[in-house]
Amino acid sequence: MAEIGLVFTLGNLISIITPLPLGRLADRFNKKYVLASAFGLLAVFIYLLTLCSNLVQIIAVLALSSVPVIACAVTVPALMAEIVPSKILGTMYSIRRILSKISVFIGSLLGGILWDINIVLPFYTETFLLMLATITVCFIPRNTSKILSDKH
């Protein structure tokens, strides 16, 4: 199973190369649109996994999917720093981390159940949820200072 090592090595290499340019992208453009684009692109890659017919295709799609994953990883904290008052930013990062781990737990459990029903269902479900996230992120208000302010 040396192929698994190749998948992770390539994904980690991309994860080393891409954070700085993607962070600069998030600094230069509206973060909610960078995040929405990353979610949408990741949805496409997850869907493409259902169409892969050989190991090379799977490796390529998984490696490429590292880019939007890293885009999310660098953009979410930057967006939170714009939205959340500095007094509670550490707490909100902690809450985000907890919710992230809960969602991974639930996703793994649900993914296993869906896999037993049909092996493509977990991928279709993730694609749907990522598209929903893509749309939802676009509705983050432009001026969030009125929603969360340091005065609350």
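Read-outs throughout are calculated quantities, based only on the coordinates presented, and are distinct from any laboratory measurement. Bear in mind that the values here come from a model prediction, so they are computed numbers and not experimental data. Because the Cβ atoms are built from the backbone with ideal geometry, glycine has one as well, and the counts that use them run over all protein chains shown.
Go through the residues of segment 74-93 one by one and say whether even a single one is of a type in the set (Phe, Trp, Tyr) and closer than 24 Å to residue 111 by Cα.
no
Quick one: in segment 95-136, which of the residues that are within 27 Å of residue 53 (Cα to Cα) and in contact with a Phe, Trp or Tyr (Cβ under 8 Å, 6 or more places away or on another chain) is surrounded by the most Cβ atoms within 10 Å (Cβ to Cβ)?
Filtering first and then ranking leaves 122.
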